[in-house]
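Just so it is clear, none of the values below were taken in a lab; they were calculated from the coordinates. The structure presented is a predicted model; accordingly, all values stated were derived computationally and were not measured. Cβ: placed from backbone, ideal geometry, glycine included. Neighbour counts: every protein chain shown.
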Amino acid sequence: TARVFYEFDLADMGSLSIDAFTQHNITNEFQATPASEVTEDVGDFADPEWLGTVDTTWTYGDWLVSHRVRWQNEVLIDPLRQRLYASNWEVQEDGSYAGNLTNKSDSRFINDLSVRYTFDESTTVQLNILNLLDRKPDENGAISAAAGHFGVDERLGRRFSLRLNSKF
């Protein structure tokens, strides 16, 4: 795990901060039952080898604008390596398959945006946009949706939320 944080004073233009976090999963041993074999479980759809976030936040007076990039490296769709997925394939004369067969999804980058305004010490309003660029699943992620693939954000698409917070 590594984290880097920088904050810059922009004088009359507020302040800017950059907060980056990354995690490298080295090992994740899994044992389904006490009698089953212990297996290594890093690099599949639930346990990527690398993941992280980068938050860039600008504050100016009563305003706060924050952009987050969430990223994750490519992952195995079927950690047992028993299935291959393809969005384009055909059966050959000899009965074999040809096409873009794979067991991995692409790495992903998801962008989120939040804008907050502070009315006073007790009241704020915040607009959030998740999956700002409306990233869609890659072909393999779309195919493997039923297998529990990690791409929930892509399948849900761009989402908005508005939050009013008031302390009494």
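Summary of packing: across the peptides 61-70, 4-13, the per-residue average of other C-beta atoms within 10 Å ranks them, highest first, as 61-70, 4-13. For the pair Lys136 and Ala32, the difference between a 0.36 nm per residue extended length and the Cα-Cα distance amounts to 34.2 nm.
In this simple spin-label model, placing a label point 7 Å from the Cα along the Cα-to-Cβ direction at both Gln92 and Val4 gives a separation of 4.6 nm.
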